[in-house]
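For reference, the structure is listed below as structure tokens.
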């Protein structure tokens, strides 16, 4: 059998793996916050935020930046 070589070094693959893990944790935290937060504290209907959070990096960032009503 022929051996398939990857174009990425082991260090680059590890870095990308860690970056992917951080992205998944970020989305998980956004979903967790959405689940626990009262619907009056969320801008717009909660079900709308579910697919938005799925958008890599931008979805959870948009939820935390614009989806939560901050009271002062």
Checklist entry - Which ranges mark the helices (runs of 4 or more DSSP H) fully within the chain that have 2 or more residues being modelled with pLDDT under 95? => result 10-36
Checklist entry - Hey, among the residues in segment 1-32 that are under 15 Å from residue 58 (Cα atoms) and without any contact (Cβ under 8 Å) to a residue 24 or more places away in the chain, which one's surrounded by the most Cβ atoms within 10 Å (Cβ to Cβ)? => result 31
Item to check | Among (1) in contact with a strand residue (DSSP E or B) (Cβ under 9 Å, 6 or more places away or on another chain); (2) without any contact (Cβ under 8 Å) to a residue 12 or more places away in the chain, the one test that residue 67 misses | outcome: (2)
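Somewhere in segment 33-43, is a residue within 14 Å of the chain's Cα centre (by Cα), surrounded by 10 or more Cβ atoms within 10 Å (Cβ to Cβ) and touching a residue at least 12 places away in the same chain (Cβ under 8 Å)? Lay out the reasoning, then the answer.
Pass one, segment 33-43, residues within 14 Å of the chain's Cα centre (by Cα): 33-34.
Subsequent filtering for residues that are surrounded by 10 or more Cβ atoms within 10 Å (Cβ to Cβ) retains 33-34.
Those left that are additionally touching a residue at least 12 places away in the same chain (Cβ under 8 Å): 33-34.
Checked segment 33-43: at least one residue is within 14 Å of the chain's Cα centre (by Cα), surrounded by 10 or more Cβ atoms within 10 Å (Cβ to Cβ) and touching a residue at least 12 places away in the same chain (Cβ under 8 Å).
The values are calculated or read from the model by the stated rules, or taken from the named source; none is laboratory data. Please read these numbers as outputs of a predicted model, since none were measured by experiment. When we count neighbours, we look across all protein chains shown, and the Cβ atoms used for this are built from the backbone with ideal geometry, even at glycine.
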